[in-house]
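The structure under discussion appears below in the form of structure tokens.
The values are calculated or read from the model by the stated rules, or taken from the named source; none is laboratory data. Everything numeric in this text was worked out from a predicted model, so none of it was measured. Quick reminder, even Gly has a Cβ in these numbers, built from the backbone with ideal geometry, and neighbours come from all protein chains shown.
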Amino acid sequence: MKRETLLLGTSDTELLKAASALRCGEVVGIPTETVYGLAADATNEEAVRKVFAAKGRPADNPLIVHLADFSLAEKYTSYIPPLAKKLAESFCPGPLTMVMPKNDRIPSVTSGGLDTVGIRVPSHPVMHRLLEISGLAIAAPSANRSGYPSPTAARHVMDDMNGKIFGVIDGGPCEFGVESTVISFDGESSVRILRPGCVTRNMLLDFCDDVIIDKAILSEVAAGEKVASPGMKYKHYSPRANVILVEGSIEAMKKYLSRPLPFQSYALLYEAQEDFPCPYLTYGSNSFDQARLVFQRLRELDDIRAGTVYVQAPSKQGVGLAVYNRLIRAAGFEVIRI
Ligand code: TXA
Ligand code: MG
């Protein structure tokens, strides 16, 4: 019989329940400042396998390991670059994941077979408290079914995971709305952004000589091509609707969409428009609002059974790059330039 997933609150009593489930090898949905995650004890192979199974995630896509404090990274890595320590002083806790060589405490299931591990210290107070109470290193990918938009509210996790996991902690809506910035280290003083997030290239440049943006962030990975971050090669963040990214002015977009459109066409725009030729939702006029709302809107468009969604392409500057990266993947790289 399918067991109902518990909806848990954020009191210490509820967090103790979640912590003991994690210690027993169960999987729990958890709030973070970026998106909701699917948590398991990072050192327990069986528990980590349950996370892969619940998501339907390919086994070669590694999980990020979350710690209560950056000082604990020593316990799970074989080497910490001095630059990582410097970055941790400014960005931990926060939405930054640093890829470093792992040690034997991190099983190969967790690292997707790689000899590295992505370490992150989340700033969300509830997640932080859970890390403290449980004393665990928590492996957690985003809590969506593999390929679908990431969850930014407990309800989204329930929609995707009800009956598949022990419980979900409801910590309210996520502050940032897109996943953490993932970086690796290129020599002593430069880093490579493997996935853009709310810690931007400019923020990192204050501490590094160079910050390289991996080419897989804005372009499609060819079949069989080797990538620095396995997550880059998979279809991602896509709702059931067919998403098309539109680059051009709002006037050009109005004109372009004033034609017979596919069944159940919608647009996703920065701001409300008068006389727009098809129904639309808005996702915020600045990059922070767009980041916070983008996944929620993609889910809402599925709820209203959108067939095709024309998305006004965001800026690629600052946090905008993170939003653009998620949308171009949701669109399967289908871009219309008008
Ligand atoms: O904000 C976040 O990072 C959220 C919350 C829950 O913390 N987690 C998250 O995890 O987004 P996930 O598994 O959905 O995405 C992790 C990404 C994947 O693209 C994965 O390939 C990459 O990070 N990654 C993880 N470990 C890596 C490693 N050792 N080397 C290269 N890429 C890695
Ligand atoms: Mg994910």
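Some observations on this one:
- Annotation note: of Val48, Val35, Val65, the sole residue that is of a type in the set (Val, Ile, Thr) and either modelled with pLDDT under 95 or in a helix (DSSP H, G or I) (or both) is Val48.
- Residues being surrounded by 19 or more Cβ atoms within 10 Å (Cβ to Cβ) and in contact with a strand residue (DSSP E or B) (Cβ under 8 Å, 6 or more places away or on another chain) - total across the stretch 282-292: 1
- Any chance Val199 is within 15 Å of ligand 1 (Cβ to nearest atom), out of contact with any helix residue (DSSP H, G or I) (no Cβ under 7 Å at 6 or more places or on another chain) and β-branched (Val, Ile, Thr): no
- Qualifying residue in the stretch 5-21 (condition: assigned to a loop (DSSP other than H, G, I, E, B), hydroxyl-bearing (Ser, Thr, Tyr) and within 15 Å of the chain's Cα centre (by Cα)): no
- Exactly one residue out of Asp160, Asp186, Asp115, Asp170 is modelled with pLDDT of 95 or more and surrounded by fewer than 18 Cβ atoms within 10 Å (Cβ to Cβ), and it is Asp115.
- Top-ranked residue of the stretch 211-260 - restricted to ones that are within 16 Å of ligand 1 (Cβ to nearest atom) and within 24 Å of Cys278 (Cα to Cα), ranked as surrounded by the fewest Cβ atoms within 10 Å (Cβ to Cβ): Ser238
- Checking every residue in the stretch 18-30 against the condition of being closer than 19 Å to Glu179 by Cα and within 15 Å of ligand 2 (Cβ to nearest atom) gives at least one match.
- When restricted to residues that are surrounded by 24 or more Cβ atoms within 10 Å (Cβ to Cβ) and out of contact with any helix residue (DSSP H, G or I) (no Cβ under 7 Å at 6 or more places or on another chain), the stretch 173-182 contains 5.
- Of the numbered criteria (1) outside any loop (DSSP other than H, G, I, E, B); (2) among the charged types (D, E, K, R); (3) modelled with pLDDT under 95, the one Arg57 fails is (1).
- Among the candidates Ile183, Ile119, residue that is away from ligand 2 (no atom under 13 Å from the Cβ), without any contact (Cβ under 8 Å) to a residue 60 or more places away in the chain, more than 28 Å from Asn242 (Cα to Cα) and in a strand (DSSP E or B): Ile119
- The requirement of being part of a loop (DSSP other than H, G, I, E, B), crowded, with 20+ Cβ neighbours inside 10 Å and either at positive phi or not charged (D, E, K, R) (or both) is not satisfied by Pro107.
- Candidate set from the stretch 142-164 (those that are in contact with a strand residue (DSSP E or B) (Cβ under 6 Å, 6 or more places away or on another chain) and assigned to a loop (DSSP other than H, G, I, E, B)); member that is farthest from ligand 2 (Cβ to nearest atom): Ala143
- Among residues of the stretch 22-47, those that are over 18 Å from Lys164 (Cα atoms) and of a type in the set (Val, Ile, Thr), counted: 4
- Evaluating Asp275 against the criteria (1) touching a residue at least 60 places away in the same chain (Cβ under 8 Å); (2) on the phi > 0 side of the Ramachandran plot leaves one unmet condition, (1).
- The listed residues are Leu136, Leu130, and the only one of them that is part of a helix (DSSP H, G or I), buried (at least 19 other Cβ atoms within 10 Å of the Cβ), away from ligand 2 (no atom under 16 Å from the Cβ) and among the aliphatic types (A, V, I, L, M) turns out to be Leu130.
- Some residue of the stretch 131-143 being more than 21 Å from Ala19 (Cα to Cα) and of a type in the set (Asp, Glu): no
- Figure legend. Inter-residue proximity from the stretch 60-88: first residues over 17 Å from Ile106 (Cα atoms), second residues crowded, with 16+ Cβ neighbours inside 10 Å, beta-carbon distance below 6 Å, spacing 6+ or different chains. Indicated pairs: Pro81/Phe185; Ala84/Met98; Ala88/Phe70.
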